[in-house]
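Here the structure is laid out as structure tokens; the discussion comes afterwards.
Nothing in this text is a laboratory measurement; each read-out follows from the coordinates by a stated rule. Note that the coordinates shown come from a computational prediction; the quantities given were computed from them, not determined experimentally. In this analysis, Cβ positions are derived from the backbone assuming ideal geometry, glycine residues included, and neighbour counts consider all displayed protein chains.
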Amino acid sequence: MTTADTIVINPSLEQEELPSVGGLGKSASSQSLRDCVEETMDNYFRNLDGQPVSDVYDMVLAEVEAPMLEVIMRYTRQNQTKASEILGLNRGTLRKKLKRYGLL
């Protein structure tokens, strides 16, 4: 996906309302995911207060991947085949990730 790509969810589907992004300077509708990640990472490093840090990559992946999978599974009404197609993952890989986060 490039920065020019946009994810559009069909608003005609009845779904549980998605949570808003709270505590950020801009509204979630006017701030890109990339901007949210950058702002959150800057805030994380500003607030370390001298604490040692490691494994940031795995921490960020877990923080982003789990809610992304939850939303996709809700959007597809738990249809793993459809979810794997949307994500561009093999269905077996999706199942492994769902198990990892206790979503299966």
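Remarks
- Annotation for region 23-104: chymotrypsin sites (Phe, Trp or Tyr not before Pro) lying in DSSP loop with at most 14 further Cβ atoms inside 10 Å of their Cβ are 101.
- Once the Cα-Cα distance is subtracted from the 0.36 nm per residue extended length, the residue 37 to residue 65 segment shows a gain of 8.8 nm.
- Vicinal HN-Hα couplings computed from phi for region 48-58 (Karplus, 6.51 cos²θ - 1.76 cosθ + 1.60; Hz; Gly/Pro x): 5, 6, x, 5, x, 9, 7, 6, 4, 4, 5
- Placing unit charges on the Cβ atoms only, positive for Lys and Arg and negative for Asp and Glu, gives region 27-67 a dipole magnitude near 100 debye about its Cα centre.
- Residue-span extension gain [residue 48 to residue 77] - 0.36 nm each, minus C-alpha spacing: 6.6 nm
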